[in-house]
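Contents: one structure, followed by commentary.
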C-alpha cells in the first residue's frame, strides 16, 4: 500500500500495515469498551487495554463466534454469486 505523507509517496510494508491495523483495532476496541462501561467506572487506557485483551482472548476461544463469522462470510459470498449469475 502506498500513502502520501507530507507530499511524499511512501510504500508501506506488510509488517507496517499489520502494525497499523493492530494499533487502530486496539483503539477502536478500547472506545467500544469505554462506551459500554459509560459512567460506571473511570478507567485509564491501561485498564481498558486489559479488558480488550481479555475480550479478544475470549473471542479466540469462542467457537460459536467463529462459526457465525464463517457462516456469515459464506452466506454473503453465495448471495453475491447468485446475484451476478442472474445478470
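Annotation note: of 42, 46, the sole residue that is surrounded by fewer than 12 Cβ atoms within 10 Å (Cβ to Cβ) and within 18 Å of residue 23 (Cβ to Cβ) is 46. Summed over the range 1-27, the residues that are within 16 Å of residue 55 (Cα to Cα) and surrounded by 11 or more Cβ atoms within 10 Å (Cβ to Cβ) give a count of 3.
Taken together, the values in this text are just the output of simple stated rules run on the coordinates, not laboratory data. Please read all numbers here as calculations on a predicted model, not as lab measurements. Cβ: placed from backbone, ideal geometry, glycine included. Neighbour counts: every protein chain shown.
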